[in-house]
Every structure is written in structure tokens, then in C-alpha cells.
Amino acid sequence: MALNGKFIGHLVISDTIKPEARDAIGTLNRRGLITAMLTGDAQASAESVAAETGVRVVHAGLLPEQKLSALQKIRGEHGAAMFVGDGINDAPVLAGADVGAAMGSGADAAIEAADVVFMTSSMNAIPQSLEIARVTGRIAWQNVVFALAVKAFVMVLGLAGMANMWMAVFADTGVAMICVMNSIRVLYRK
């Protein structure tokens, strides 16, 4: 700004970092995940945000198709990738990621392209969703192992002539109900 031709100041416009971003990124980093930022912002601005939040890898100054190329490079180096975005420019990357997650407050194009939509704009939803997925995976494996073990045991008893119809019904329907009840545990987890 100038007053009577004399410089008196300037405006600085920048994105604000969500208060919970540092904690959420820190949680992801502690779990051994690679955190990366793919942004169209300038390199200096992106590096500043990364330093403040703990993001480990920064790719800045990217157009939407360049974001997708950067994601594919990251996927080639580290394996499956989840991309979280909320803007129109994120739509191609959300569609091309192994898991594309849009923030609920994001642009309609991002929400449409995403596999998952967080119904909150809180960054803490990201590590929470990964924890829910891990717990769900463990419970699913418990159910598979339990069901196959009981069925195999009843089959062996049947081959030995020691099983009856009620054992077979339990091995099928009873085990299925136990697995359903075991799965419900995830709803009560904090």
C-alpha cells in the first residue's frame, strides 16, 4: 500500500493451517506412513506449511494432471496411496488414488470423484479412519480364521463319524452369528 506515493505497508494473504493439522500429521508420521503434500501453491509457501505441520514430502507448483503424476510416482516408490483433498483441482487425483478421500466441506467435484467423504472438515478424521480400517481388518481376519477352523473341525468329526446334523448347523449358522456379533465390537470402540 502507498499513501501519497510513499510505501506504507503490504498485505499478506495465505492459507490458514487448521489447528489440528499438526496433531493429525504427527499421528500419521508416528504410524510410519509417508505424508506428502501435492499443491499448486508456490514452493516456499508449501515448504512453510510442511515445516509447521510435519509433512515429510512436498511437491509444489503442480497443475491437476501434475498432481496425478506426482501421486503415481509416490505410489511407485511406497505402494498404495491415499489422497485427501477438497478442491476442484484435486478431483483427478482423488479419482486416480488407491483411496481418494474428500473433506465434507470441499468442492462438489472433489466429493463426486472421491471414494470416501469425511463428513467433517477436521484433519483428525484421517488418522481416525485409518485406525477404524485397521481394527475392522483385524476383526475380519479373526472371523475368517475362526469360521474356517470350526468348519474344518466339524468336517474332520464328520469324516470320523462323530458329527451330527446339529454340529453341522452350528458350524454354519452358529458360527456366522458369532462372527456377526464379533464384528459388532467395532461399533463400541472409542
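The values are calculated or read from the model by the stated rules, or taken from the named source; none is laboratory data. None of these values were measured; they are calculated from a predicted model. Ideal geometry is used to build each Cβ from the backbone, glycine not excepted, and the neighbour counts take in all protein chains shown.
Before moving on, here are some points about what is shown:
- In segment 106-158, the residues that are exposed (fewer than 14 other Cβ atoms within 10 Å of the Cβ) and assigned to a loop (DSSP other than H, G, I, E, B): 119, 120, 121
- The residue list 176, 163, 101 contains one member that is modelled with pLDDT of 95 or more and either outside the structural domain of residue 41 (by TED's automatic domain parsing) or part of a loop (DSSP other than H, G, I, E, B) (or both), which is 176.
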